[in-house]
Each structure stands twice: as C-alpha cells, then as structure tokens.
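In what follows, a structure is listed as structure tokens, so that the remarks can point back to it.
Only the coordinates and a few stated rules stand behind these numbers; no lab work does. No experiment lies behind these values; they were computed from the predicted model shown. Methodologically, a virtual Cβ is constructed for each residue, glycine included, from the backbone with ideal geometry; neighbour enumeration extends over all protein chains shown.
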Amino acid sequence: MKPSFHTRLLNGPFEDPGLYMRLLWEGRALMFDLGHTDSLSPRDILKLTDIFVSHTHVDHFMGFDNILRISLKKEGPLRLYGPEGFIDHVEGKFRGYTWNLTKDYPLVIDVFEMTEQYIEHAVFKAGNRFQREDMEKRPSNGILLHDPFCKVSVRILDHEIPCLAFSLEEECHININKAMLTDMGLTAGSWLSELKEAIRGNKFDAVITVEGRNLSFQDLREAVDITHGQKLSYVVDVLGSEDNIKKIVELVKGSDLLCIETYFLESDKEKARERYHLTAREAGRIAREAGVGRMETLHFSPRYSDDPEALVREAQEEFNGK
C-alpha cells in the first residue's frame, strides 16, 4: 500500500520539535508544532492548510513568524489550532507588527483553541490589519478537524499548563489498479481525484465522465481497492502521570506511526516530574500498550547530547517488551 502521508521531522532530536506532513494526492500539507521552521521552503509553507500547536512555549511556537511572512499573499485557507489561551497568543504575535500596507493581501487565518468544554474560534484577516474577529464557539468533542480525507483527534494533557496531543487518521485508503484501468481501456488522469472524492463522501452513485464515457463507481469497482486508512500520532511535552498515559494510549491506539518525546532517561525520572516531561521508558510503554506499528523518538533533553542513543535504546527496549 502506497502511503497517503509523507512525514518528516523538521529538526534534530535536540532542536525544536516540528512535524511536517504532506497529504499525497491532495496538494496540501499539515504541521504539528511550530518550532524552528527555516528548513521549510516557501513551497512547503504555501502547501500548509492546517497547523496544530501543542502549546506556546517558545520552542514549539517561534516558527509562526516565518510561516506568516511567507503566507501573506496566500490565497487558500490557513487554520491554526492550539490549547486554551491560544487565540490570545496568536493575537499577540500580530500586535507585534505594523500592518498598514496589507489591505490588498488575501491571507485569512482561522484560529481555534480547545478547552474541555468548547472550541473557541477567531479570524484574522490581512485586509483588516489582522484585527481579531471572534466567531461562534462550538462544543468540544475531541476532534479538531474532520473532512472527507482525514480526521484529527486531540487530548488535553498536563505539562503544568494545558498541552495538546494529536492523532491524524485517514478516513480510508484508496488504491487504483492502473493495470486494470488499462484493461478497461482507460488512462489515469485528473478524473481519479473526482472518483476518490466521491468515494470518501460515500457518493457511490456518482457518475464520473472519463474520456467521453459516463461511468459509475460500480463500473470502476474492479480497479478500486478500498482499505483501512493510515493513522499517525504526535505527543510531546507531557507529564508521565498515569492519567496522562491513559489518555495518550487511548488517543494513539493502533497508530501506524507514533512520534513521541523521550526527554529524560528513567534514571532521571524525578527531573522529568519537575519539568513535566516523559521519560524514554514511559514513551516506550505508551507505544507498546497502544499497539503502534512504529515509534519515532524526538525532543531530547540537551543533558544527553553526549549519548543520544541511550534515550532511543531505553524507549525501544520498553516498546519491544524487553
């Protein structure tokens, strides 16, 4: 199965966290956290439609300025999501600059912040000098984004402040058998995007025009393989309490890939408690109990710069049940 998500960590394990994810065939990208983002090209940035920020400590949010600078003339949507207080923090970023020459710029940023009860929503428009416009809030149901392609679920965790963990699920995976298309006298083209959109929207009675032929899903069924979609999760900067661990395991269960912090070694567990971070062993336990396919460790404390493999090894051994 060719994956629909192409992921890359932006920085090394001792640097600012950030996960960039292209949605193949969709022409867009998502991001988790906004630390140092200079490794992203303008093209990468302009593909972004949704950015999920765990919390606004500087190493998770300082990259917002770079994203904003590149996106000023962006035509498409840009949505940001974060924990309680996030809208105020984004507004503070805008207030740090002068916007008297942006009235003709198209950029509109929707900002959402999640609390236990509600998801608050505010809009900032370049044409309005990024003045805050509060929108109607909605009840919180643990889901930040849900479209025909994917769903992003979230849990609020304890980092002494509210910190969000995220899980991205592909609604379904659609694979096209191009050899079968050839046997049917068809060639791959832009019409396949229309077909996939109809399938994800459960519009199985839709008719697709292909090379002058009007074809239904049933006409094309033999060339289409629909399977369970991918699931990827991202967890950083959380206390390794039993309550947090239970919430994380529930959120990331069955993930094909779990990106998770391994900030301290278990031998420094007291320090991990003081700093509200996971140990490598706790990260491995979470991955094992959640039955994830693969674990990617990130966000290491600089105290281990002489032996980063110790963190990886401890997490992996716990994950493997050794």
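What ³J(HN,Hα) values, in whole Hz, does the Karplus curve 6.51 cos²θ - 1.76 cosθ + 1.60 give for the stretch 261-267 when θ = phi - 60°, with x put for Gly and Pro?
With the stated coefficients, the stretch 261-267 comes to 5, 10, 6, 10, 6, 4, 5 Hz.
Compute the normalised compactness of the chain: alpha-carbon radius of gyration over 2.2 N^0.38 Å, N being the residue count. List each step's numbers first, then the result.
Working: Rg = 21.4 Å, N = 322, 2.2 N^0.38 = 19.7 Å.
After normalising by residue count via 2.2 N^0.38 Å, the value is 1.09.
Using alpha-carbon pairs under 8 Å, 6+ residues apart, how would you state the relative contact order of the chain in percent?
Working: 672 pairs, mean separation 38.3, N = 322.
For the chain, the relative contact order is 12 percent.
Figure the gain on full extension for residue 72 and residue 138 (residue separation times 0.36 nm, minus the Cα-Cα span) and round it to one decimal in nm. Mind dumping the intermediate values first?
Details: separation 66, 0.36 × 66 = 23.76 nm, distance 2.80 nm.
Difference between extended and current length: 21.0 nm.
Would you mind working out the magnitude of the charge dipole of the chain relative to its Cα centre, with +1 at each Lys and Arg C-beta and -1 at each Asp and Glu C-beta, to the nearest 20 Debye? Don't skip to the end; give the middle numbers.
Values: 41 positive and 54 negative charges, 156 e Å.
The calculated dipole for the chain is roughly 740 debye.
Within the stretch 63-115, which trypsin sites (Lys or Arg not before Pro) sit in a loop by DSSP and count at most 16 neighbouring Cβ atoms inside 10 Å?
Values: sites: 69, 73, 74, 79, 93, 95, 103; in loops: 73, 74, 103.
Those satisfying the criteria are 73, 103.
Using θ = phi - 60° and the Karplus curve 6.51 cos²θ - 1.76 cosθ + 1.60, what whole-Hz ³J(HN,Hα) does each residue of the stretch 305-317 get, with Gly and Pro shown as x?
Going residue by residue, I get 4, 7, 8, x, 5, 4, 5, 4, 5, 4, 5, 5, 5 Hz, with x marking Gly and Pro.
Return the calculated 222 nm mean residue ellipticity for the chain, to the nearest 500 deg cm²/dmol, obtained by summing -39500 (n - 2.57) across DSSP H runs with n ≥ 4 and dividing by the residue count. Before the final figure, lay out each step's value.
On the way: 11 runs with 86 residues, N = 322.
Counting only the DSSP helices, I get -7000 deg cm²/dmol.
So which of 73/125; 74/103; 47/73; 231/253; 178/231; 253/322 end up more than 18 Å apart, counting from Cα to Cα?
178/231; 253/322
Taking amide H positions as placed in the peptide plane 1.01 Å from N, state which residues far from residue 78 in sequence (5 or more) or on other chains have amide H under 5 Å from it.
108, 110
Determine the shape class of the stretch 1-125: with a ≥ b ≥ c the square roots of the Cα gyration tensor eigenvalues, call it rounded for a/c under 1.5, and otherwise prolate if a/b is greater than b/c, oblate otherwise. Intermediate values should be presented prior to the final figure.
Working: a/c = 1.43, a/b = 1.23, b/c = 1.16.
It comes out rounded by the Cα gyration axes.
I want the antiparallel fraction of DSSP beta bridges within the chain, as a percent rounded to 5. Present the calculation step by step, with values, prior to reporting the outcome.
Numbers: 46 of 69 bridges.
That works out to approximately 65 percent antiparallel.
In whole Hz, with x marking every Gly and Pro, tabulate ³J(HN,Hα) for the stretch 36-46 from phi via Karplus 6.51 cos²θ - 1.76 cosθ + 1.60, θ = phi - 60°.
5, 10, 5, 6, 7, 7, x, 4, 4, 5, 6
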